[in-house]
């Protein structure tokens, strides 16, 4: 019996899936359980939003996880009691904090679009007794369990302004922030998903968001509502009357000058 032929497209698709599950997660599915001694912060490198607000009370370095410590440190070895009390796994601590608290995007819609649908998704991790892992004394080990989180909100574009909406009532500190500006026949929308929660003094992964995603569609989820940056069917406003266009021209003035010198040469 000959093995079925595998194409290069199938190999690439499988490789992409494995890389995404390994770096972004969740490796074990939407309700995964991490192995004992493993925390989400040490397991996944991508797609993580840390809380924007710092702890109210200072804590010892040994209690902190990667983003909040400025030197390399390892937590004490966890025994049976430490596992029961919620001690987190040893992790390499890197210098400084480069982790983001928000992700976002900006886009145009025509004046005929008054409402858009925004779906924010993420995973949150909680510590609870395991049904499959035990401590050396035979009790249920305490491990990290993933809970699927997020939801959809509707953003109105028929009026200029800014506001925040909560996509998931279980985490009211996580919000979708938006700003709408009208520019002639276009409506400029800026969206961001912000982890506005406060960092807990311990078990900080409970306030972090993992496998974060932000999707924008028409209300029916299908209609083509987005305008291209240089849409020829929509007349551009006069450059002298558009603050956003003037700002972009200022940011890219050196690049424009280089192009001008090359064209003259």
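Laboratory data are not the source of any read-out in this text; all were calculated from the coordinates shown. The model shown is predicted, which means the values in this text are computed figures rather than measured ones. Don't worry about glycine lacking a Cβ; one is built from the backbone with ideal geometry, like all the others, and counts go over all protein chains shown.
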The stretch 104-230, relative contact order [Cα under 8 Å, separation at least 6], %: 35 percent
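Quick one: 22, 220, 168, fewest Cβ neighbours within 10 Å first, how do they rank?
Listing 22, 220, 168 from fewest to most nearby Cβ atoms yields 220, 22, 168.
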Can you work out the FRET efficiency for the pair residue 216 and residue 52, with r the C-beta to C-beta distance and R0 = 25 Å, to the nearest 0.05? 0.70
Report the calculated FRET efficiency for residue 226 and residue 16 (r = Cβ-Cβ distance, R0 = 22 Å), to the nearest 0.05. 0.30
Rough spin-label spacing in nm, given labels placed 7 Å along Cα→Cβ, for residue 106 and residue 148: 3.4 nm
For residue 117 and residue 6, what is the calculated FRET efficiency with R₀ set at 35 Å and r taken between the beta-carbons, to the nearest 0.05? 0.35
Would you mind computing, in nm to one decimal, how far apart the modelled labels at residue 248 and residue 170 are, each placed 7 Å from Cα along Cα→Cβ? 3.9 nm
